[in-house]
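J.: Have a look at this one.
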Amino acid sequence: MRKLVYYVAISIDGYIAAPDGNADFYPLTQDVVDVICEDYPETVPTHIREQLGMDADNKHFDIAIQGRRSYDVALEVGVTSPFAHLRQYVVSQTITDSPDPAVEIISDDVLHRVRELKAEDGRDIFLIGGSRLAGTLLPEIDELLVKLYPVVAGAGLPMFTTDFSPTLFELSESRTLESGAIILNYTRKKELAPAPIEERG
């Protein structure tokens, strides 16, 4: 069974992008690039992998899912299949026909579709974002893989856009890089059934 993993970059104050969706304010240093390319090569878009001369096998994911605004970033530079090395899904109610045969559009009941994908055998699912899609899929997110950059954005798109819904995760790994960026791995905390009344003291 696959896991849904939200792999995302955030600022110290919890924003994943500027108000216009741009994320080029992150200080992308060589140590961060090295971690991404060595440990999570499949999260690098195919056209960027070609520019970097990357020819690495997928290590963690074989499916990518993203929202329309995230997909628009690729479309704006003429790329219709940004993760050609993965199965690709775009969640959108405004895109009716996929601009690329390698990209499947999910227009409704995204939670049901993701549950179907999780039930398959295979590698995990790379949730790219954005904020609203992550909020919708919060009930199905199994892990958070967060690249925390040493920058304050001040305003922008939050990590999740959803109703108030506290959800517990446990920190499973933390790596601080020389540049000050921190790689944080969180696993969804298992909900325990309440103890019987006689055991509560």
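Values quoted throughout were computed directly from the atomic coordinates according to the rules given, and no laboratory measurement underlies them. Since we're looking at a predicted model, the values are computed, not measured. Note: ideal-geometry Cβ built from the backbone for every residue, glycine included; neighbour counts use all protein chains shown.
J.: In the stretch 173-190, how many residues are over 17 Å from Ser11 (Cα atoms), assigned to a loop (DSSP other than H, G, I, E, B) and in contact (Cβ under 8 Å) with a residue 12 or more places away in the chain?
T.: Of the residues in the stretch 173-190, 1 are over 17 Å from Ser11 (Cα atoms), assigned to a loop (DSSP other than H, G, I, E, B) and in contact (Cβ under 8 Å) with a residue 12 or more places away in the chain.
J.: When you scan the stretch 71-86, do you find a residue that is surrounded by 15 or more Cβ atoms within 10 Å (Cβ to Cβ) and in a strand (DSSP E or B), even just one?
T.: So far as the stretch 71-86 goes, no, none of its residues is surrounded by 15 or more Cβ atoms within 10 Å (Cβ to Cβ) and in a strand (DSSP E or B).
J.: Would you pick out the residues in the stretch 1-22 that are under 14 Å from the mean Cα position of the chain (by Cα) and assigned to a loop (DSSP other than H, G, I, E, B)? If you could, list the steps in order and put the result at the bottom.
T.: The first filter runs over the stretch 1-22 and keeps only residues under 14 Å from the mean Cα position of the chain (by Cα), leaving 3-10, 15-17.
Scanning the stretch 1-22 gives a single hit, Lys3.
J.: Give me the residue from the stretch 18-58 that is in contact (Cβ under 8 Å) with a residue 24 or more places away in the chain and touching a Pro at 6+ places or on another chain (Cβ under 8 Å) and, out of that set, surrounded by the fewest Cβ atoms within 10 Å (Cβ to Cβ).
T.: Here the answer is Pro27.
J.: Here is a follow-up. Restricting the search to the stretch 29-82, which residues are out of contact with any strand residue (DSSP E or B) (no Cβ under 9 Å at 6 or more places or on another chain), farther than 17 Å from Ala17 by Cβ and of a type in the set (D, E, K, R)?
T.: Correct list: Asp31, Asp34, Glu38, Arg49, Glu50, Asp55, Asp57, Lys59.
J.: Residue check, Ala119 against (1) among the aliphatic types (A, V, I, L, M); (2) touching a residue at least 40 places away in the same chain (Cβ under 8 Å); (3) crowded, with 17+ Cβ neighbours inside 10 Å, all met but one. Which one?
T.: Of (1) among the aliphatic types (A, V, I, L, M); (2) touching a residue at least 40 places away in the same chain (Cβ under 8 Å); (3) crowded, with 17+ Cβ neighbours inside 10 Å, only one is false for Ala119: (3).
J.: Could we say that Ile125 is touching a residue at least 40 places away in the same chain (Cβ under 8 Å), under 17 Å from the mean Cα position of the chain (by Cα) and either surrounded by fewer than 16 Cβ atoms within 10 Å (Cβ to Cβ) or farther than 21 Å from Val35 by Cβ (or both) here?
T.: Values: touching a residue at least 40 places away in the same chain (Cβ under 8 Å): yes; under 17 Å from the mean Cα position of the chain (by Cα): yes; either surrounded by fewer than 16 Cβ atoms within 10 Å (Cβ to Cβ) or farther than 21 Å from Val35 by Cβ (or both): no.
It is false that Ile125 is touching a residue at least 40 places away in the same chain (Cβ under 8 Å), under 17 Å from the mean Cα position of the chain (by Cα) and either surrounded by fewer than 16 Cβ atoms within 10 Å (Cβ to Cβ) or farther than 21 Å from Val35 by Cβ (or both).
J.: Within the stretch 148-162, count every residue that is surrounded by 20 or more Cβ atoms within 10 Å (Cβ to Cβ) and either free of Cβ contacts under 8 Å to residues at least 12 places away in the same chain or assigned to a strand (DSSP E or B) (or both).
T.: So the count comes out to 1.
J.: OK, next. Given the conditions (1) in contact with a Gly (Cβ under 9 Å, 6 or more places away or on another chain); (2) part of a strand (DSSP E or B); (3) closer than 22 Å to Thr187 by Cβ, which single one is not true for Val90?
T.: (3)
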